[in-house]
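Questions regarding the structure given below will be posed in turn.
The values are calculated or read from the model by the stated rules, or taken from the named source; none is laboratory data. Since the model is a prediction, treat every value here as computed from it, not as a measurement. Accessible surface is based on the protein model in full, side chains and every heavy atom, while ligands, DNA and RNA are left aside. Shrake-Rupley method; radii C 1.70, N 1.55, O 1.52, S 1.80 Å.
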Amino acid sequence: YYNNLGGCLQALNRTETAERSYKWAIKIDDRFTDAYYNMGNFLLGGGRVEEAMEVLEKCLAIRPGHQACERKLGETKKALEQKAEAFKTQIDEAIEKAEKMRSRGEL
């Protein structure tokens, strides 16, 4: 019930309530892999990549070979790599800017 409710609420963009529903579904049955999958998908869609990875890994620990979960975990890993690359780019740009400022005597 709560897993399906979470999906409906998510479709209505009621994200806080959808998340609570997925959590309830997992709390009621901590081996219900569909709830883990949907929660992971929800978290990934909200940009919460690290949390999504954790939930999807729990899903696979319960049910190894869950194909949809494996695919979603692959997407999550790719998103995490992109997030890390974007962060690295920001750091490189900040270092470059600081070096230019230092060479001009601004630092």
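Which of the aspartates and glutamates could a cross-linker bridge to K77, judged by Cα under 18 Å and excluding same-chain residues fewer than eight apart?
Candidates past the 8-residue exclusion: E50, E51, E54, E57, E85.
If you consider only alpha-carbon coordinates, what radius of gyration and Dmax does the chain have, in Å?
When restricted to the Cα atoms of the chain, Rg and Dmax are 19.2, 64 Å.
Check cross-link reach from K72 to the lysines: straight Cα distance under 17 Å, and skip same-chain residues fewer than eight apart.
K58, K83
Does the stretch 4-65 classify as rounded, prolate or oblate by the C-alpha gyration tensor (a ≥ b ≥ c root eigenvalues; a/c under 1.5 gives rounded; else a/b over b/c gives prolate, otherwise oblate)?
oblate
Keeping every protein chain present and rolling a 1.4 Å probe, give me the accessible area per residue for the stretch 22-90 in Å².
Here the residues of the stretch 22-90 average 62 Å² of exposed surface.
Further, regarding this structure: From the phi of every residue in the stretch 73-83, what ³J(HN,Hα) in whole Hz does the Karplus formula 6.51 cos²θ - 1.76 cosθ + 1.60 yield, where θ is phi - 60° and glycine or proline is x?
In residue order, the calculated couplings are 5, x, 4, 5, 4, 5, 5, 5, 4, 5, 5 Hz.
For the stretch 26-37, what does the Karplus curve 6.51 cos²θ - 1.76 cosθ + 1.60, with θ = phi - 60°, yield as ³J(HN,Hα) per residue in whole Hz, taken in order and with x for Gly and Pro?
In residue order, the calculated couplings are 6, 5, 5, 9, 6, 10, 7, 5, 4, 5, 4, 4 Hz.
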